[in-house]
Amino acid sequence: MKKFRCVFLKGGIFVVIYSLFFGWGQIQEIQAAVNSTKAECVFLEDPPAEVYFDCEVAIPDVAEMEARPTLLGVGAGAGSYGLIISLVDFVRSALTDFFSFVDKISLGYSLLFYLALFAIFFLLNIASVVIVIVISNWIFNRREIYQKYKRKEIIEIVSPYFYDDLDDHEAAGIVETLNQYKSSKDKQIIIDVLIEGKRNFTGEGSIKIKALYQVLQLHKVSLRKIKYGNWYRRSVGLRELAFLGKRAYKTEIENYINDNHQYVRTEAILSYMLLDDKNPFGFLMELKYSFVRWDSLSIYYTMYFNGIEPPAMAHMLNHSDLQVRLFLLRMISIYNQLDAVREVAKCLLDENPEVRQEAVITLRALEYYRIKVLMKNRYVDECHPVRLEILRSMKHFIEDDDISFIEERVRKGSFDEVFEAVKLLYKFSGYGERRLWLLDEELEGRIAIFIKHVAEPRNKHVA
């Protein structure tokens, strides 16, 4: 209703503006044509029929027009052309009669008459818009009142089912009462109440809610949305099956993991995870569309708030999608899957620099110090972002035999590399500020600004 009201209002405004800006010019042209016609024919007191016809509209005979060659060929479409000529003749005749009528009733003030017509049209348009707004608001308010009343009524019926210990007869009575709600609106209100209860209940209460969803055959409503609704209704149906449905509905959800609409795909992924807690990342092998960053965030928070344990992810790190590999590396880091370090280390040889950079970050989070030698050996061949991550990782693994490697970065590295290397040397207990100043003398004062910044007491948190 809101959409209809908005479209109607915009359409009315557009019509009014179009009429004011473009209709005025048309009226002036037509009025000038009528006046000029009068001026040409005024000197004739009793003009013959032929002359009078020429002053009005000179239209050739239809038979003559039909005999003329057309654009499509000689004689082609003669009947249609004659019909068009007749229609044009009728329109011109109607316009002539209309303007003649206006001249008679306007008493010479035709311009004011046209302005009055526009004013009446404008007022009618405003009145129609106001009527539509009032009616739509009334419908919306009635619908909202109805939903509030039904929601309260359904909650009062369902509450004993969750909170009280009911025998089979009492539970059957509640189910029978709820089955009396036959309309789609009432069923949707029941589904919304059950979803809210599912979010607030755990354990036995959650099991009862799912059982009630099945007994009332509400899953058919959700499946109908998925199959026949627009993208929004499909998303709502997927969410309802995820919260209230059984694991058997996973096969229905799998069909929408590669839906054309991004939002439907995201909902299908999250629904798949909620229904398959043993292998929540099984959908990754079915993806045909690109995996976006928003999906990874939604998956993480869905797992976090619903207590879903992550599966083993090391075997999926060879996925063809770049974003999937990055997502898996982040999840391995977050959930501290130490058994995946060997597969993560292989990602240091990935062809994509983003994956190599994320692999270094993951290995740093897992504190896998044995990879330090490989990172040092690959340092020269790596791009700038990966080099910085390797230096930041050295903070956790630095030893005496790493001093020469870090000093080399101070001598030959870029601005960011020198800054990271100076921080490492300053923090290392066996090196210290004094040796940094000696290194600065060797480099003719090129790192003095870095040493002063790191040694500043206010910047200790940086070092």
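Filter region 317-336 down to the residues that are outside any loop (DSSP other than H, G, I, E, B) and surrounded by 15 or more Cβ atoms within 10 Å (Cβ to Cβ) and list them by number.
Matches in region 317-336: 322, 323, 324, 325, 326, 327, 328, 329, 330, 331, 332, 333.
Mind listing whichever residues of region 348-380 are open to solvent by less than 50 Å² (accessible area, probe 1.4 Å), part of a loop (DSSP other than H, G, I, E, B) and charged (D, E, K, R)?
Correct list: 350 only.
When residue 339 is evaluated against the numbered criteria (1) open to solvent by less than 30 Å² (accessible area, probe 1.4 Å); (2) modelled with pLDDT of 90 or more; (3) more than 19 Å from residue 386 (Cα to Cα), which criterion, by number, is the only one it fails?
Tallying (1) open to solvent by less than 30 Å² (accessible area, probe 1.4 Å); (2) modelled with pLDDT of 90 or more; (3) more than 19 Å from residue 386 (Cα to Cα), residue 339 fails exactly one: (1).
Mind counting the residues in region 244-266 that are at pLDDT below 90 and either surrounded by fewer than 23 Cβ atoms within 10 Å (Cβ to Cβ) or of a type in the set (Lys, Arg) (or both)?
Residues in region 244-266 being at pLDDT below 90 and either surrounded by fewer than 23 Cβ atoms within 10 Å (Cβ to Cβ) or of a type in the set (Lys, Arg) (or both): 9 in total.
Just name the residue that is surrounded by the most Cβ atoms within 10 Å (Cβ to Cβ) out of those in region 173-196 that are among the polar types (S, T, N, Q) and assigned to a helix (DSSP H, G or I).
188
Quick one: which residue in 356, 370, 364 is over 33 Å from the mean Cα position of the chain (by Cα), over 21 Å from residue 310 (Cα atoms) and of a type in the set (D, E, K, R)?
Residue meeting the stated conditions: 370.
Has region 106-122 got any residue that is open to solvent by 100 Å² or more (accessible area, probe 1.4 Å), at pLDDT below 70 and of a type outside the set (A, V, I, L, M)?
Among the residues of region 106-122, at least one is open to solvent by 100 Å² or more (accessible area, probe 1.4 Å), at pLDDT below 70 and of a type outside the set (A, V, I, L, M), which makes the answer yes.
Tell me which residues, restricted to region 197-217, are assigned to a helix (DSSP H, G or I), surrounded by fewer than 17 Cβ atoms within 10 Å (Cβ to Cβ) and among the β-branched types (Val, Ile, Thr).
Of everything in region 197-217, those that are assigned to a helix (DSSP H, G or I), surrounded by fewer than 17 Cβ atoms within 10 Å (Cβ to Cβ) and among the β-branched types (Val, Ile, Thr) turn out to be 207, 215.
Taking the criterion of being open to solvent by 60 Å² or more (accessible area, probe 1.4 Å) and of a type in the set (S, T, N, Q), would at least one residue in region 397-408 satisfy it?
Yes, region 397-408 has at least one match.
State whether the residues of region 145-161 include one that is part of a loop (DSSP other than H, G, I, E, B) and touching a helix residue (DSSP H, G or I) at 6+ places or on another chain (Cβ under 8 Å).
Within region 145-161, not a single residue is part of a loop (DSSP other than H, G, I, E, B) and touching a helix residue (DSSP H, G or I) at 6+ places or on another chain (Cβ under 8 Å).
Quick one: would you say residue 342 is in a helix (DSSP H, G or I), within 16 Å of residue 366 (Cβ to Cβ) and not aliphatic (A, V, I, L, M)? Can you show your working first?
Values: in a helix (DSSP H, G or I): yes; within 16 Å of residue 366 (Cβ to Cβ): yes; not aliphatic (A, V, I, L, M): yes.
Yes.
With the condition being open to solvent by 80 Å² or more (accessible area, probe 1.4 Å), I'd like the helices (runs of 4 or more DSSP H) fully within region 411-463 carrying at least 3 qualifying residues.
432-442
Which one is farthest from residue 219 (Cα to Cα) among residues in region 134-172 that are among the small types (Gly, Ala, Ser) and surrounded by 15 or more Cβ atoms within 10 Å (Cβ to Cβ)?
136
The values are calculated or read from the model by the stated rules, or taken from the named source; none is laboratory data. No experiment lies behind these values; they were computed from the predicted model shown. All Cβ positions, even for glycine, are placed from backbone atoms using ideal geometry, and neighbour counts span all protein chains on display. Accessible surface areas use protein heavy atoms only, side chains included; no ligands, DNA or RNA. Shrake-Rupley method; radii C 1.70, N 1.55, O 1.52, S 1.80 Å.
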